Amino acid sequence: MSKEKKLIVEMLFNNWGATADRLTKRWIEYRIDLFMKYAFKSLLLQSSQDFTCYVLYDPKSEKLIHETLKKYPPLPSNICFVTPKDYQSYVTQDMEECECLYRVYLSSDDMYHKDFIKKLHAYKPQKDTVALVPQYGYIYDSVQKRLGKFFFWLPSYGVTLVNVNEYLKGQAPRYTWRDAFKVPREFINIKEPIWINHIHGQNTGTTFDNVLTWKIENIHDACTLEPWNNSKQPRAVFGPEITNPDEIEQILNNFF
């Protein structure tokens, strides 16, 4: 095998049934525009381009996906939209190049710090580690232009590590970020905000006003908390909100 590890960024677009209109032209055009403005820019900004990003879409929407993508400049060779079936084929090919596959998770409207991929390449996990969990980030409301620090115990970011030899023999369980507290894990980027959870006009999740209430008495900065390792007692902490426009711009420039 040619190298120790390969990083793939796995991004679910509309290949799962979270919203009823995920196959419509309006939804697809809006979400691809979001992808181009945020997640795509974040990937382009990465100080290491040694990764491949697969954006998974429902085969039923293939025509609309490709028609919409034609409205934008061509994607670089390491970022591509694929069906789940093609994704599995590509991942199998990727495994031929490495001993360990890093499955990196990112939503199509969220962002990583520009050095996240570089730091993953440099990081040396323990032999038995299966999940890398970054619990520190930001919440950003792009409609209201509001930004704040955020700690979340089980973020939909991070990495699962796949032993290629075991996987190809059918011996490796298939974990995702959701399983991080069920497997041997390490907390990474400790006390360093490394991702942005993006709130925008058509989110199905929370709102900025909601997260304002997620605080702990006498804790001013969520990113000063120690890593949280108790899966039976979830923890989400917000604060402080960053209100200085220059500081907001400076932070965002490191993400997209």
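The values are calculated or read from the model by the stated rules, or taken from the named source; none is laboratory data. Keep in mind it's a predicted model, so treat the numbers as computed, not measured. Note that each Cβ is placed from the backbone with ideal geometry, even for glycine, and that neighbours are counted across all protein chains shown.
Observations on the model:
- From Y72, Y140, Y157, residue being assigned to a loop (DSSP other than H, G, I, E, B), over 13 Å from the mean Cα position of the chain (by Cα) and closer than 20 Å to L34 by Cα: Y72
- Here S61, S107 are screened, and the one residue that is surrounded by 15 or more Cβ atoms within 10 Å (Cβ to Cβ) and out of contact with any strand residue (DSSP E or B) (no Cβ under 9 Å at 6 or more places or on another chain) is S61.
- Filtered residue count, the range 148-202, keeping only those that are within 17 Å of Y102 (Cα to Cα) and among the charged types (D, E, K, R): 6
- Sole residue being under 21 Å from the mean Cα position of the chain (by Cα), buried (at least 16 other Cβ atoms within 10 Å of the Cβ) and closer than 15 Å to R146 by Cα, chosen from V237, V211: V211
- Set side by side, the residues K85, K114 differ, and just one is touching a residue at least 24 places away in the same chain (Cβ under 8 Å), basic (K, R) and in a loop (DSSP other than H, G, I, E, B), which is K114.
- Number of residues in the range 138-177 that are surrounded by 16 or more Cβ atoms within 10 Å (Cβ to Cβ) and among the basic types (K, R) equals 2.
- Checking K63 against (1) modelled with pLDDT of 95 or more; (2) assigned to a helix (DSSP H, G or I); (3) touching a Lys or Arg at 6+ places or on another chain (Cβ under 9 Å), the condition it does not meet: (3)
- First in the range 17-42 and farther than 20 Å from L106 by Cβ, second anywhere and among the β-branched types (V, I, T) and modelled with pLDDT of 95 or more, Cβ under 9 Å, 6 or more apart: K25/T68; E29/T68
- Within the range 94-114, the residues that satisfy the criterion of being within 15 Å of V159 (Cβ to Cβ) and among the hydrophobic types (A, V, I, L, M, F, W, C) are C98, C100, L101, V104, L106.
- The range 214-232 - residue that is modelled with pLDDT under 95 and of a type in the set (S, T, N, Q) and, of those, farthest from L154 (Cα to Cα): N218
Residues checked against (1) surrounded by 15 or more Cβ atoms within 10 Å (Cβ to Cβ); (2) within 18 Å of Q88 (Cα to Cα); (3) not polar (S, T, N, Q):
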site: W16; (1), (2), (3): no, yes, yes
site: T19; (1), (2), (3): no, no, no
site: R26; (1), (2), (3): no, no, yes
site: I32; (1), (2), (3): yes, no, yes
site: Y38; (1), (2), (3): yes, no, yes
site: Q46; (1), (2), (3): yes, no, no
site: T52; (1), (2), (3): yes, yes, no
site: V55; (1), (2), (3): yes, yes, yes
